[in-house]
Amino acid sequence: DIDSQCLLGIKYYKGSEVAQNYKEAAKWFRLSAEQGDTVAQTSLGKMYYDGKGVKQDRVYAHMWWNIAASSGKNKSASKNRDIVAKRMTPSQLEKAQKLGTLTVTLNGAELLSRPLIALQGVGVGSWMDQLSDTARLWFH
C-alpha cells in the first residue's frame with residue numbers, strides 16, 4: 001500500500017533495518033509519490049536535487065516538490081521548490097511546471113504516473129497511441 005511503499009523508501013534511504021540503497025529508495029518513493037503521498041513526493045524531490053539514486057535533475061526536483069506543495073500540507077516542499085526555482089533557467093522552470101500539472105486520461109482513468117514515466121524514457125508503449133494529439137505533443 002501507499003504508506004508501506006513510502007516507509008520502504010525511507011528505510012532504504014536511511015539504511016534503517018536494510019542496507020542503504022538510494023536506487024531502491026527512489027523506486028519505493030516513486031511508487032508512493034505517484035499515488036499522491038506528499039512525504040514520498042518531497043523525498044523524491046530531494047533525491048533528484050541531490051542526485052542520490054537518480055540522475056541529478058533540478059527539473060524533476062522542482063516538479064516533485066511542486067506536486068507535494070500543491071496539497072497545501074507540505075510547507076517544506078514549497079520552500080524547497082522556491083529555492084530550486086531560483087537556480088533554474090526559465091526554460092527549465094517552464095518544463096518543471098508543465099510536468100507537474102500533466103495528467104493524461106487513458107481508458108477513462110486519469111493517470112499521473114504514466115506520463116511521468118514516459119517522459120523519463122521508461123514505459124513508453126502502445127498506450128501512447130491512445131493519447132490525444134495535444135497530449136502527444138508533450139512527448140515529442
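Per-residue answers, yes or no, for (1) over 27 Å from L93 (Cα atoms); (2) not β-branched (V, I, T):
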| position | (1), (2) |
| --- | --- |
| D3 | yes, yes |
| V18 | yes, no |
| Y22 | no, yes |
| T38 | no, no |
| G72 | no, yes |
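Quick one: is V104 in contact with a Leu (Cβ under 8 Å, 6 or more places away or on another chain), open to solvent by less than 50 Å² (accessible area, probe 1.4 Å), at pLDDT 90 or above and aliphatic (A, V, I, L, M)? So V104 fails the test. Being closer than 19 Å to D1 by Cβ, open to solvent by 30 Å² or more (accessible area, probe 1.4 Å) and not acidic (D, E) is true for just one of K23, K27. Which residue is that? From the options K23, K27, the qualifying one is K27. Considering only residues in the range 31-68 that are aliphatic (A, V, I, L, M) and surrounded by fewer than 24 Cβ atoms within 10 Å (Cβ to Cβ), the one that is farthest from N21 (Cα to Cα) turns out to be V59. Could you please find all residues in the range 8-34 being of a type outside the set (D, E, K, R) and within 17 Å of the chain's Cα centre (by Cα)? Answer for the range 8-34, where residues must be of a type outside the set (D, E, K, R) and within 17 Å of the chain's Cα centre (by Cα): L8, G9, I10, Y13, Y22, A25, A26, W28, F29, L31, S32, A33. Within the range 34-67, how many residues turn out to be part of a helix (DSSP H, G or I), at pLDDT below 90 and not polar (S, T, N, Q)? Adding up the residues that qualify gives 1.
The values are calculated or read from the model by the stated rules, or taken from the named source; none is laboratory data. Note that the coordinates shown come from a computational prediction; the quantities given were computed from them, not determined experimentally. Cβ coordinates were reconstructed from backbone atoms using ideal geometry, including for glycine residues, and neighbour counts include every protein chain displayed. With ligands, DNA and RNA removed, areas are computed over all heavy atoms of the protein, side chains included. Shrake-Rupley method; radii C 1.70, N 1.55, O 1.52, S 1.80 Å.
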